[in-house]
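A.B. asks: This structure is in structure tokens; I'll ask about it shortly.
No lab work stands behind these numbers, since they all come straight from the coordinates. Given the structure is predicted, the values throughout are model-derived calculations rather than measurements. As a convention, Cβ positions derive from the backbone with ideal geometry for all residues, glycine included, and neighbour counts pool all protein chains shown.
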Amino acid sequence: MAKVKVVDTKGKEKGDVDLGLSADVSPSVLHRVVVAEEANNRQGTQKAKTRAEVRGGGRKPYRQKKTGRSRQGSIRSPLHRKGGVVFAPVPRDYSKKVNRKERRLALQAAFATQAEQGKVIVVDRIQFDLPKTKSAVELLNSIGATGKRVLVILPAYDEVALKAFRNLRHVEVRTAPCKTTKDGEQAKAQGFSTRDVLVAHQVVVSKDAMEAIKEAWS
């Protein structure tokens, strides 16, 4: 089980929190989930025309013999300029299905791995009075989150915090997952993915977001 220190906005330690997670998950599960996430993000809207779809070529371009040139039946052939494409790509669905249990295990393993390597920072509160980038930079510098790729996880959507971080190219802001409501309505979609956690050099989580994550995974 991984334990992470809790710090305030000035970087002073205020105790620790037990994540209750384990990184003992098969690497194949992590690989399968990340590949599925990448595939599901593909639009699959690429399209090129075959020789049956390009314009022109209703007649033979020139006679069959006695021209000294190769035999051609249509200018829509792939051999011609502006002709059709051989095995042209068409719109398709690249999405892959992954079991909910596997997806949850992979996400927990990714989070636990980053925590064991000391890349997870839990902050007691991430909140800004005004959406200023200067305030966001001061917070990251105070808690030591100076990596090239930082993932910030908030307990819920916060427009002020989002605007404060959005000018920082190396920072990605996500929200904590939520459970399904008792009424059966689907709660908000999970804000961060397994890949988001794995590629981050540092993960900054507010204490409330950490509690929400633990509750969603319980």
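A.B. asks: For the range 20-122, what is the Kirkwood hydrodynamic radius in Å, using each pair of distinct C-alpha atoms?
C.D. replies: Values: mean 1/r = 0.0543 Å⁻¹.
Here the Kirkwood hydrodynamic radius works out to 18.4 Å.
A.B. asks: Now for a separate question. Given H placed 1.01 Å from N in the peptide plane, which residues other than close sequence neighbours of T175 have an amide H under 5 Å from its amide H?
C.D. replies: Under 5 Å from the amide H of T175: L154, G191, F192.
A.B. asks: What list of ³J(HN,Hα) couplings, whole Hz, do you get for the range 115-120 from phi and the Karplus terms 6.51, -1.76, 1.60, once you set θ to phi - 60° and write x for glycine and proline?
C.D. replies: 5, 5, 8, x, 9, 9
A.B. asks: So, how do all the Cα-to-Cα distances of the range 45-93 break down into 5 Å bins, in percent, from 0 on up?
C.D. replies: The calculated distribution, bin by bin, is 5, 22, 23, 19, 14, 9, 5, 3, 1, 0.
A.B. asks: I'd like the per residue volume of the convex hull spanned by the Cα atoms of the range 66-117, given in cubic angstrom. It would help to have the intermediate numbers written out before the result.
C.D. replies: Numbers: hull volume 8.7 nm³, N = 52.
Given the Cα convex hull of the range 66-117, per-residue volume reads 168 Å³.
A.B. asks: Which order do the peptides 163-171, 204-212 take when ranked by the mean count of other beta-carbon atoms within 10 Å per residue, highest first? Numbers along the way, then the final one.
C.D. replies: On the way: 163-171: 16.9, 204-212: 21.8.
Descending packing order for the listed peptides: 204-212, 163-171.
A.B. asks: Moving on to the next point. Taking the Cα atoms only, what angle lies between the long axis of helix 207-217 and the longest principal axis of the chain, rounded to 10 degrees?
C.D. replies: The angle comes out at about 60 degrees.
A.B. asks: In angstroms, what radius of gyration and Dmax does the chain have, counting Cα atoms only?
C.D. replies: Reported Rg and Dmax, both Å: 26.3, 91.
A.B. asks: Please sort 147-157, 48-58 by packing, taking for each peptide the average over its residues of neighbouring beta carbons within 10 angstrom, highest first. Please report the intermediate quantities before stating the final value.
C.D. replies: Working: 147-157: 18.9, 48-58: 13.6.
Result, highest mean Cβ count within 10 Å first: 147-157, 48-58.
A.B. asks: Run the dipole for the chain about the Cα centre, Lys and Arg Cβ at +1, Asp and Glu Cβ at -1, nothing else charged, and hand back the magnitude in debye, nearest 20. Please list the in-between numbers first.
C.D. replies: Details: 44 positive and 23 negative charges, 609 e Å.
Taking the Cα centre of the chain as origin, the dipole is about 2920 debye.
A.B. asks: Moving on. With Kirkwood's inverse mean 1/r over C-alpha pairs for Rh, give me the Rg to Rh ratio of the range 107-147, two decimals please.
C.D. replies: Details: Rg = 12.7 Å, Rh = 11.8 Å.
That ratio is 1.07, to two decimals.
A.B. asks: Can you give the local net charge around A88? Use residues other than it whose beta-carbon is closer than 10 angstrom to its beta-carbon, Lys and Arg +1, Asp and Glu -1. Don't jump to the answer; show the numbers that get you there.
C.D. replies: Working: positive: K47, K49, R51; negative: E53.
Net of charged neighbours comes to +2.
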